[in-house]
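**Q** One structure, as structure tokens, below. Some questions next.
The values are calculated or read from the model by the stated rules, or taken from the named source; none is laboratory data. Treat the numbers as computed from the prediction; the structure is a model and nothing was measured. Note that we place each Cβ from the backbone using ideal geometry, even for glycine, and neighbour counts take in every protein chain shown. All accessible areas refer to the heavy atoms of the entire protein, side chains included, with ligands and DNA or RNA removed. Shrake-Rupley method; radii C 1.70, N 1.55, O 1.52, S 1.80 Å.
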Amino acid sequence: YKAKTTRSGHHIYRNDDDSHGETRLRTLEELRLALHEDQLILHYQPKIDLHTGDVCGVEALVRWNHPTRGQLQPDAFLHLVEEGGLMHAMTQIVLEKALDQTAIWHAQGQLVTMAVNISASSLIDTALPERISSMVAARGLSPSVLVLEITEDFLMTDRDRARAILTRLRATGVRIAVDDFGTGYSSLAYLRDLPIDELKLDKSFVMPMAGDPRATALVVSTIDLAHSLGLRMVAEGVENSATYSDLAVFGCDAAQGFFMSRPVPAAQLDEWFASRQEGPAKAAYKSS
Ligand code: C2E
Ligand code: MG
Ligand code: MG
Ligand code: MG
């Protein structure tokens, strides 16, 4: 395989002969069909408020129910969505589905925020803020229930442009989170003047915490710095109870990870909501 980096920074691996290229084209055709035939579905992963132990939000994560290859994870097809110029269409579908589900949960009294991942290519769409406003209003929701998760590289390429785009988006009332924080090249000082609300500390910092004082020290100081800039800190990749309770003690605001729940279909998360309300489960997630 030869590795090639596109302008958008994606790595494409291809064979010297063209058989791989053909597969890619066929997959792209399948992907177009998938958008039309509603084969993209969302799974939802809960976020827990570490100050109260309550569910505070969910993140929507896309999956592709492929007719023959089974359920595909984002890593298997997102680069193709980008390459095929289908990201706008996908973002629209994901936002519609996620907001539909938010409206259902809110009607049931499950007042969660909904986080949606927005690629850099979708953020530069100047119609996005208006579309988001009307989608939110059409469902009778407050825009503040929507959290847009963006990645650090978007902030790094052109800071003034990023600031302008985020300012317009935030003016609609939605909230902005920086995803996978710590994996890019931005520093907290660099993020200081950007209109953002939340940092999501990448799982590569959170997962090694258990039993590792140096990894833990790094997380603690990052939480403190985020707070000193008035930002909310969310930890992703929380896989065990020790990490969960440590994060609560260190003042991290929210946690997300397999320890609480994997990303699951909405119906399955409904069962999880119900089991937490009934059982002692909620207490187990509380700090102290
Ligand atoms: P992300 O936004 O950082 O999402 C978190 C990823 O970490 C998810 O992978 C989730 O399943 C995984 N994860 C959550 N908790 C744990 C844990 O405790 N341990 C471990 N090892 N992993 C955990 P997933 O669903 O495969 O998504 C991968 C990435 O694909 C996302 O990373 C996001 O960047 C992108 N993505 C997913 N859905 C969308 C979408 O609708 N639009 C766009 N543009 N990107 C999306
Ligand atoms: Mg995310
Ligand atoms: Mg992340
Ligand atoms: Mg990630």
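**Q** Students sometimes get this wrong: rank Leu141, Leu199 by accessible area, probe 1.4 Å, all chains present, largest first. Can you show the working numbers first?
**A** Numbers: Leu141 25, Leu199 0 Å².
Correct descending sequence by accessible area is Leu141, Leu199.
**Q** Report the convex hull volume per residue for the range 174-288, counting only C-alpha atoms, in Å³. Intermediate results must be reported in sequence, preceding the final value.
**A** Numbers: hull volume 13.5 nm³, N = 115.
For the range 174-288, the hull spanned by Cα atoms encloses 118 Å³ per residue.
**Q** Still on this structure: Expressed in nm to one decimal, what extension gain is obtained for the pair Leu33 and Ala76 from 0.36 nm per residue of sequence separation less their Cα-Cα distance? Before the final figure, lay out each step's value.
**A** Numbers: separation 43, 0.36 × 43 = 15.48 nm, distance 1.65 nm.
Length gained, Leu33 through Ala76: 13.8 nm.
**Q** Please state the shape class of the range 106-158: rounded when a/c is under 1.5, otherwise prolate if a/b exceeds b/c and oblate if not, all from the C-alpha gyration tensor. Walk me through the numbers on the way to the answer.
**A** Details: a/c = 3.92, a/b = 1.78, b/c = 2.21.
Oblate is the answer for the range 106-158, as a/c is 1.5 or above yet b/c matches or exceeds a/b.
**Q** State the percentage of accessible surface on the chain attributable to carbon and sulfur atoms; use a 1.4 Å probe and exclude ligands, DNA and RNA.
**A** Values: 7410 of 14010 Å².
Heavy-atom surface of the chain belonging to carbon and sulfur, 1.4 Å probe: 53 percent.
**Q** With a 1.4 Å probe and every protein chain left in place, tell me how much accessible area Glu29 has, in Å² to the nearest 10.
**A** Here the accessible area works out near 100 Å².
**Q** Normalised by the number of residues in the chain, what is the relative contact order in percent for Cα pairs under 8 Å and 6+ residues apart? Can you show the working numbers first?
**A** Working: 437 pairs, mean separation 49.6, N = 288.
Once normalised by length, the contact order is 17 percent.
**Q** Keeping all protein chains in place, calculate the accessible area per residue for the chain (probe 1.4 angstrom), answer in Å².
**A** 49
**Q** Next question, about the same structure. Kindly identify the chain as rounded, prolate or oblate by the Cα gyration tensor criterion: order the square roots of the eigenvalues as a ≥ b ≥ c, call it rounded if a/c is under 1.5, otherwise compare a/b with b/c, prolate if a/b is larger, else oblate.
**A** Values: a/c = 1.42, a/b = 1.30, b/c = 1.09.
The shape class here is rounded.
**Q** With θ set to phi - 60°, apply the Karplus curve 6.51 cos²θ - 1.76 cosθ + 1.60 along the range 98-110 and write out the HN-Hα couplings as whole Hz, x wherever there is a Gly or Pro.
**A** Residue by residue, the range 98-110 yields 5, 6, 4, 5, 4, 4, 5, 4, 5, 4, 8, x, 8 Hz.
**Q** Would you mind working out the magnitude of the charge dipole of the chain relative to its Cα centre, with +1 at each Lys and Arg C-beta and -1 at each Asp and Glu C-beta, to the nearest 20 Debye? Intermediate results must be reported in sequence, preceding the final value.
**A** Details: 28 positive and 38 negative charges, 67 e Å.
The dipole of the chain has a size of about 320 debye.
**Q** Just flag the trypsin sites (Lys or Arg not before Pro) in the range 20-115 sitting in loop per DSSP whose Cβ has no more than 12 other Cβ atoms within 10 Å.
**A** Details: sites: Arg24, Arg26, Arg32, Lys47, Arg63, Arg69, Lys97; in loops: Arg69.
Those satisfying the criteria are Arg69.
**Q** Can you tell me the Rg and Dmax of the range 21-148, counting just the alpha carbons, in angstroms?
**A** In Å, with Rg to one decimal and Dmax whole: 15.8, 52.
**Q** Something else about it: Number of Lys-Lys pairs in the chain under 19 Å by Cα, sequence gap 8 or more or different chains?
**A** Working: Lys47/Lys97; Lys47/Lys200; Lys47/Lys203; Lys47/Lys282; Lys47/Lys286.
For the chain, the number of qualifying lysine pairs is 5.
**Q** Taking amide hydrogens as modeled 1.01 Å from N in the peptide plane, which residues meet the under 5 Å criterion relative to Arg232, leaving out close sequence neighbours?
**A** The list, which skips near neighbours in sequence, is Glu198, Leu199.
**Q** A further question on this structure: Per-residue ellipticity at 222 nm for the chain, helices alone: DSSP H runs ≥ 4 residues times -39500 (n - 2.57), over residue total, nearest 500 deg cm²/dmol? Walk me through the intermediate numbers first.
**A** Values: 13 runs with 134 residues, N = 288.
It lands at -14000 deg cm²/dmol.
**Q** State, as an integer percentage, the relative contact order of the range 11-118 based on alpha-carbon contacts under 8 Å between residues 6 or more apart.
**A** Numbers: 111 pairs, mean separation 26.3, N = 108.
Over the range 11-118, the number comes to 24 percent.
**Q** Chymotrypsin sites (Phe, Trp or Tyr not before Pro) within the range 191-286: which are DSSP loop residues with at most 16 other Cβ atoms inside 10 Å?
**A** Working: sites: Phe205, Tyr244, Phe250, Phe258, Phe259, Trp272, Phe273, Tyr285; in loops: Phe250, Phe258, Phe259.
Here the sparse-neighbourhood loop sites are Phe258.
**Q** For Val249 and Thr23 in one chain, what is 0.36 nm times their gap in residues minus the Cα-Cα distance, to one decimal in nm? Display every interim value, and only then the final one.
**A** On the way: separation 226, 0.36 × 226 = 81.36 nm, distance 4.98 nm.
Contour length minus Cα-Cα distance gives 76.4 nm.
**Q** Under the definition of Cα pairs under 8 Å and six or more residues apart, what whole-number percent is the relative contact order of the range 82-131? Walk me through the numbers before you get to the answer.
**A** Numbers: 20 pairs, mean separation 20.8, N = 50.
Averaging sequence separation for qualifying contacts and normalising by length gives 42 percent for the range 82-131.
**Q** For the residue pair Ser142 and Ala267, what label-to-label distance in nm results when each label sits 7 Å from Cα along the Cα-to-beta-carbon direction?
**A** Output for this residue pair reads 3.2 nm.
**Q** For Thr113, enumerate residues with amide H under 5 Å from its amide H, sequence gap 5+ or separate chain, H modeled in the peptide plane.
**A** Gly57, Val58
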